[in-house]
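A.B. asks: My questions all concern the structure below.
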2 protein chains.
Amino acid sequence: MIPKRLRVPVEDLRFGALKLTGDTARYVARVHRLSAGDRLVVFDPAAVVEADAEIVRVGRDEVDLRAEAPRPATTRPRRGVTLIQGIGKGDKMDAVVRDATELGATRIVPALAERSVARPIGAGRADRWRRIAVEAARQCGRGDAPLIEPPMPFGEAFCRFAPAAALGGAGLCLDPSSSAPIGRAFRRLGQDAEAVFAVGPEGGFAEVELEQAVQAGFERVTLGALVLRTETVCAAVLGALLALEHDATRAGA
Amino acid sequence: MIPKRLRVPVEDLRFGALKLTGDTARYVARVHRLSAGDRLVVFDPAAVVEADAEIVRVGRDEVDLRAEAPRPATTRPRRGVTLIQGIGKGDKMDAVVRDATELGATRIVPALAERSVARPIGAGRADRWRRIAVEAARQCGRGDAPLIEPPMPFGEAFCRFAPAAALGGAGLCLDPSSSAPIGRAFRRLGQDAEAVFAVGPEGGFAEVELEQAVQAGFERVTLGALVLRTETVCAAVLGALLALEHDATRAGA
């Protein structure tokens with residue numbers, strides 16, 4: 001592994017003076033013990049830009065930087081990939097957000113199922129998932145982060161995020177009772193077209209949800225005969241999509 | 001989801017009287033509250049056979065069954081898939097064993113890296129991973145379980161488990177610094193031929209390990225430009241391999 005320059009996320013990145021606070025300041029000053037004159041990379045996942053920066057001063061709970069001119073982020077997924085994910089028990093959704101960010105999802109829709117165990121979902125949960133996504137983006141080297149939608153019922157998610165089939169997009173609903181292999185559906189996915197995956201909660205989709213998915217234009221597909229935990233499906237299908245891509249996920253590649 | 005009959009693992013499955021003890025007995029009698037006359041499926045992952053069985057008596061800490069004639073397990077991976085996995089910190093290897101079992105690995109080799117954080121590895125760890133594999137097999141509906149090898153250095157694992165290229169097998173070493181996409185390597189993998197994946201520990205492979213891999217016939221491949229955690233790679237590559245298969249993983253399909 002080539003040692004890489006430290007990367008930290010910021011908001012509203014622009015040329016010139018910049019202040020890190022909170023966890024990010026502590027991460028730079030205490031965990032990595034950087035000090036005045038050290039250089040790092042700051043990235044703004046919302047604007048998908050990044051910049052080299054130099055530390056001007058390390059204060060008690062803040063770090064002052066001087067950023068050079070921002071440039072478009074070099075590493076970001078080249079395909080739009082939406083994951084509609086049934087919210088599981090406990091911190092399963094945290095793990096899914098982390099995995100999905102590493103594996104190139106560009107939008108995550110936390111979905112409430114008929115059989116959802118964890119409800120209601122407070123607004124704080126979505127904010128937590130957004131923070132996890134930004135941290136995972138930092139760790140995996142992405143210049144963007146997936147958009148985290150507010151939690152909504154599966155039926156609404158299917159309607160709002162069904163991909164445009166006319167543009168080569170594919171909406172795939174992971175359903176162990178289907179006999180259509182996902183690999184075959186992948187082959188119909190247009191180059192750079194959007195892929196949308198829907199993954200049920202523990203216990204799988206209710207029949208009414210599968211019907212809603214099909215009505216919205218989703219295809220029911222399977223990864224095989226084995227019954228996967230909901231938190232395993234995400235990494236498996238996103239990994240499969242990455243493997244399908246001929247070349248790496250660098251912008252413009 | 002179709003409700004399925006309860007499945008429990010046993011050793012030395014044969015026709016006739018059978019006794020469940022320990023956790024398995026508690027699982028049947030207390031968690032699922034089955035009683036005399038109830039039916040379930042017993043499977044022997046080592047022999048890859050299963051049988052219908054009827055409960056004869058539920059005792060204090062044991063359950064007596066009568067098994068019908070064993071038959072070959074109906075659901076098992078059709079391809080040999082070996083995962084050579086760098087042992088990570090804490091319980092990461094537990095999660096990898098669980099994911100790999102669900103996603104069809106048939107052999108798992110816990111590997112000690114130059115940079116391995118967790119060492120030495122006691123014999124108890126491998127036994128623990130074997131129990132986790134059997135439990136994951138039960139959950140996902142597999143009739144077998146992956147063989148868990150004793151922990152060994154990566155160099156030894158590369159030599160012992162390099163697949164026979166002449167038979168269409170492929171040995172793939174996941175290396176983020178490679179520019180060879182894994183999808184291209186998959187296309188050279190023969191139908192039903194063995195696939196061997198090597199995944200480094202946190203921080204990736206040491207250069208000497210990558211050289212050992214190449215000397216043993218492994219190809220360095222990548223899933224893309226993003227840096228994955230070691231425990232994410234396993235699900236991503238095994239999911240990709242499943243997606244490649246045209247049909248489901250039922251035996252004889």
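A.B. asks: Keeping to the stretch A:67-80, report how many residues are in a strand (DSSP E or B) and surrounded by 15 or more Cβ atoms within 10 Å (Cβ to Cβ).
C.D. replies: Adding up the residues that qualify gives 2.
A.B. asks: Restricting the search to the stretch B:96-124, which residues are assigned to a helix (DSSP H, G or I) and at pLDDT 95 or above?
C.D. replies: Within the stretch B:96-124, B:VAL96, B:VAL97, B:ARG98, B:ASP99, B:ALA100, B:THR101, B:GLU102 meet the criteria.
A.B. asks: Condition check: out of contact with any Phe, Trp or Tyr (no Cβ under 6 Å at 6 or more places or on another chain), at positive phi and not aliphatic (A, V, I, L, M). Does A:GLY204 satisfy that?
C.D. replies: yes
A.B. asks: Output the number of residues of the stretch A:172-223 satisfying the condition of being part of a loop (DSSP other than H, G, I, E, B) and closer than 24 Å to A:PRO153 by Cβ. Steps first, please.
C.D. replies: In the first step, residues of the stretch A:172-223 are kept if they are part of a loop (DSSP other than H, G, I, E, B); the result is A:175-180, A:188-194, A:200-206, A:216-218, A:223.
Narrowing the set further to residues that are closer than 24 Å to A:PRO153 by Cβ leaves A:175-178, A:194, A:200-206, A:216-218.
Adding up the residues that qualify gives 15.
A.B. asks: Here's another thing I want to ask about it. Which of the residues that make up the stretch B:7-39 are more than 14 Å from B:GLN139 (Cα to Cα), of a type in the set (A, V, I, L, M) and assigned to a strand (DSSP E or B)?
C.D. replies: Of everything in the stretch B:7-39, those that are more than 14 Å from B:GLN139 (Cα to Cα), of a type in the set (A, V, I, L, M) and assigned to a strand (DSSP E or B) turn out to be B:ALA17, B:LEU18, B:LEU20.
A.B. asks: Between A:ARG142, A:ARG66, A:ARG71, which is farther than 22 Å from A:LEU174 by Cα, in contact (Cβ under 8 Å) with a residue 40 or more places away in the chain and more than 14 Å from every other protein chain (Cβ to nearest Cβ)?
C.D. replies: Only one candidate qualifies: A:ARG66.
A.B. asks: Let me ask something additional. Of everything in the stretch B:131-185, what is of a type in the set (Lys, Arg) and within 26 Å of B:ALA213 (Cβ to Cβ)? Give them in sequence order. Give the steps one after another, and end with the answer.
C.D. replies: Taking the stretch B:131-185 as the starting set, the residues that turn out to be of a type in the set (Lys, Arg) are B:131, B:138, B:142, B:160, B:184.
Across the stretch B:131-185, the qualifying residues are B:ARG160, B:ARG184.
A.B. asks: Mind counting the residues in the stretch A:142-192 that are under 24 Å from A:PRO45 (Cβ atoms) and of a type outside the set (Lys, Arg)?
C.D. replies: Looking only at that region, the number is 15.
A.B. asks: Restricting to the stretch A:188-230, and then to whatever is more than 28 Å from A:LEU167 (Cα to Cα), at the interface with chain B (Cβ under 10 Å from one of its Cβ atoms) and touching a Pro at 6+ places or on another chain (Cβ under 7 Å), can you tell me which residue is surrounded by the fewest Cβ atoms within 10 Å (Cβ to Cβ)?
C.D. replies: Among residues in the stretch A:188-230 that are more than 28 Å from A:LEU167 (Cα to Cα), at the interface with chain B (Cβ under 10 Å from one of its Cβ atoms) and touching a Pro at 6+ places or on another chain (Cβ under 7 Å), the one surrounded by the fewest Cβ atoms within 10 Å (Cβ to Cβ) is A:VAL227.
A.B. asks: Condition (residue is within 8 Å of chain A (Cβ to nearest Cβ), assigned to a helix (DSSP H, G or I) and small (Gly, Ala, Ser)) applied to the stretch B:231-238: is it met by at least one residue?
C.D. replies: The answer is yes, given that some residue of the stretch B:231-238 is within 8 Å of chain A (Cβ to nearest Cβ), assigned to a helix (DSSP H, G or I) and small (Gly, Ala, Ser).
A.B. asks: Name the pairs whose Cβ atoms lie under 9 Å apart, with the first residue in the stretch B:174-187 and crowded, with 17+ Cβ neighbours inside 10 Å, the second among the charged types (D, E, K, R) and in a loop (DSSP other than H, G, I, E, B), and 6 or more positions between them or separate chains?
C.D. replies: B:PRO181/A:GLU245; B:PRO181/A:ASP247; B:GLY183/A:GLU245
A.B. asks: Give me the residue from the stretch B:89-108 that is more than 14 Å from chain A (Cβ to nearest Cβ) and either of a type in the set (S, T, N, Q) or surrounded by 24 or more Cβ atoms within 10 Å (Cβ to Cβ) (or both) and, out of that set, farthest from the chain's Cα centre (by Cα).
C.D. replies: B:MET93
A.B. asks: Does A:GLY155 count as over 18 Å from the mean Cα position of the chain (by Cα), free of Cβ contacts under 8 Å to residues at least 12 places away in the same chain and either within 14 Å of chain B (Cβ to nearest Cβ) or farther than 30 Å from A:PRO72 by Cα (or both)?
C.D. replies: no
A.B. asks: Out of the residues in the stretch B:121-148 that are out of contact with any helix residue (DSSP H, G or I) (no Cβ under 8 Å at 6 or more places or on another chain) and over 18 Å from B:PRO9 (Cβ atoms), state the one that is surrounded by the most Cβ atoms within 10 Å (Cβ to Cβ).
C.D. replies: If we take residues in the stretch B:121-148 being out of contact with any helix residue (DSSP H, G or I) (no Cβ under 8 Å at 6 or more places or on another chain) and over 18 Å from B:PRO9 (Cβ atoms), then B:ILE121 is surrounded by the most Cβ atoms within 10 Å (Cβ to Cβ).
The values are calculated or read from the model by the stated rules, or taken from the named source; none is laboratory data. In this text, all values refer to a predicted model and were calculated from it rather than measured experimentally. Positions of Cβ are backbone-derived with ideal geometry, glycine not excepted, and every protein chain shown enters the neighbour counts.
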